[in-house]
Amino acid sequence: MWIEYAIASFFASAAFGIIYQAPRNTLVKCGLVGMVGWMIYAFLVWKEVDSVPATLIASFVIALVSQTLARRFKTPMIIFSVPGIIPLVPGSLAYDAMRNFVQNDYSAATSIAAKAFTISGAIAFGLVFSEVLNQIIKKVKQTKAQVR
Amino acid sequence: MERTEDLIELCLLMGKIMQQNGAETYRVEDTMTRIAQSFGRDESQSYVTPTGIMFTISPGAHAKLVRVSARETNLEKVNLANDVSRKIASGEMSTHVAYKELRKIETSPTDYSVLMQIISATLASGFFTIMFQGSWYDFLPACLAGGLGFIALINFIRLFEIKFVAEFVASLLIGFTAFSLFSFGIGKEVDKIVVGSIMPLVPGLLITNAVRDLMAGHLISGLAKGAEAFLTAFAIGAGIAVMFALF
């Protein structure tokens, strides 16, 4: 199962890199970022962590890896983070919610839709957290350099 | 000394390219002010929304406006524009050269052929089905439905010019393909097939960017992107829903 997940998430993220027109030499890295994120998410969910914190942690790690890659290759961070977070996006939940709406099961639909919204929030939170962390590190380094 | 007009045009074009191709709002604003700064204009102001960009070079000067009518995600262009702004900041490029370079980026054709995009959407659909715990029996039907949906999407966008109609028709086709294959006994779980094959259409980036913009204080951008994402999700859901009702 884990090997299946790894292969599927690698190719899905890299394919999204192509759909979003990422530069050719970054495609493999896009795939790897997506794979890392999805493996963390799948592992946490398998360990019975709720999917919201699992998404939060996975997107935090994705953002950290993307930032490191972005600094290394002097590109904007979104080139790696966008294809990377695609597997985490609650597409299946949004679909489930819609299906329940159509079948007139509004209470199930709204609760699933709320969950989908919370997960999108968790993705964004993870990204923002790691950015804030990055800025703090930068500032600390700057002040240290000034003190010297 | 660079001419002020040239500098304003340069900043606006830079902002337009970045905004059109999916850069984050704060990054667009930041890049525009930085370019102005690197030519000694420290008091420029920029105001970026998903549908238009306003920029003024100094207090009291005229503000200029650029309309952004269509948005897509093209990371290559964001990357190239970023390179140009880096070179401007380090003083390697004059406004004139940079402007020419940006024009080239704006009109340059996409790096991947349409066929290659269709193939990757096809594969992505199949692999998403696997990731959502579908079985390998569902792989091929998901590929087929997702690929057909993506072909429909890119062709109908040209035809209708209203994105949401194209998305609706594309998801109709996905639903039709998945459900009819399923009724012929191809595929194990129709839910997983549909979920995997709508993934290339799902506005995942928009949803995330919307929440992110809201958090960063870009309230207008956040709400606008959220509205766009909601409409897209609704169009996809409605398309699938029609097929649910039929089958």
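Here are the numbers for this structure:
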read-out: J(HN,Hα) series, the stretch B:89-96, from Karplus relation 6.51 cos²θ - 1.76 cosθ + 1.60, nearest Hz, glycine and proline x; value: 4, 8, x, 7, 10, 8, 4, 5
read-out: Spin-label model distance (nm) - B:Thr4 vs A:Arg72, 7 Å beyond Cα toward Cβ; value: 4.6
read-out: Charge dipole magnitude, Cβ of K and R +1, D and E -1 - the stretch B:114-246, Cα centre, debye nearest 20; value: 100
read-out: Per-residue Cβ neighbour rank within 10 angstrom, fewest leading, A:Leu32, B:Leu10; value: A:Leu32, B:Leu10
read-out: Residue exposure sequence - B:Tyr99, A:Tyr41 - by fewest surrounding Cβ within 10 Å; value: B:Tyr99, A:Tyr41
read-out: Average beta-carbon neighbours from other chains, 10 Å sphere, peptide A:71-77; value: 4
read-out: Other-chain or far-sequence residues with amide H under 5 Å of B:Thr49's (modelled H); value: B:Met54
read-out: Label-reachable residues, the stretch B:175-203, where backbone N falls under 14 Å from a point 7 Å from A:Gln103's Cα toward its Cβ; value: B:190-192
read-out: Averaged over B:188-200, number of beta-carbon atoms from partner chains that fall within 10 Å; value: 3
read-out: Integer Hz, Karplus 6.51/-1.76/1.60 couplings in order for the stretch A:95-102, x for Gly and Pro; value: 5, 4, 4, 4, 5, 5, 4, 5
read-out: Computed over the stretch B:4-107: relative contact order in percent, which uses C-alpha pairs under 8 Å that are six or more apart; value: 30
read-out: Inter-site label distance for B:Glu161 and A:Val132 at 7 Å from Cα along Cβ, in nm; value: 4.5
read-out: Mean separation of Cα contacts under 8 Å, 6 or more apart, over the residue count of chain B: relative contact order %; value: 17
read-out: Ordering of B:135-143, B:51-59, B:66-74, B:171-179 by packing [mean C-beta count within 10 Å, highest first]; value: B:171-179, B:135-143, B:51-59, B:66-74
read-out: Length released on extending from B:Ala70 to B:Phe247, taking residue separation times 0.36 nm less the Cα-Cα span; value: 60.2 nm
read-out: Debye log10 I(q)/I(0) at q = 0.18 Å⁻¹ for the stretch A:1-147, Cα point scatterers; value: -1.03
read-out: Residue exposure sequence - B:Val195, A:Val128 - by fewest surrounding Cβ within 10 Å; value: A:Val128, B:Val195
read-out: Inter-probe distance in nm under a simple model that places probes 7 Å from Cα toward Cβ, at B:Leu219 and A:Phe117; value: 1.8
read-out: Within the stretch B:8-78: Cβ-based charge dipole about Cα centre, in debye rounded to nearest 20 (Lys, Arg +1; Asp, Glu -1); value: 180
read-out: Reachable aspartates and glutamates, given that their alpha-carbon falls under 13 Å from the alpha-carbon of B:Lys87 and they are not under 8 places away in the same chain; value: B:Glu101
read-out: Mean separation of Cα contacts under 8 Å, 6 or more apart, over the residue count of the stretch B:114-246: relative contact order %; value: 29
read-out: Peptide A:4-15 - average C-beta neighbours from other chains (10 Å radius); value: 6
read-out: Semi-axis lengths (Å, descending) of the ellipsoid that matches the C-alpha gyration tensor of the protein assembly as shown; value: 38, 23, 19
read-out: Sum of side-chain charges, A:Lys74 neighbourhood, beta-carbon under 9 Å (Lys, Arg +1; Asp, Glu -1); value: +2
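Bear in mind that the values in this text are calculations on the coordinates, not laboratory data. Bear in mind that the values here come from a model prediction, so they are computed numbers and not experimental data. No Cβ is skipped: glycine too gets one built from the backbone with ideal geometry, and neighbour counts run over all protein chains shown.
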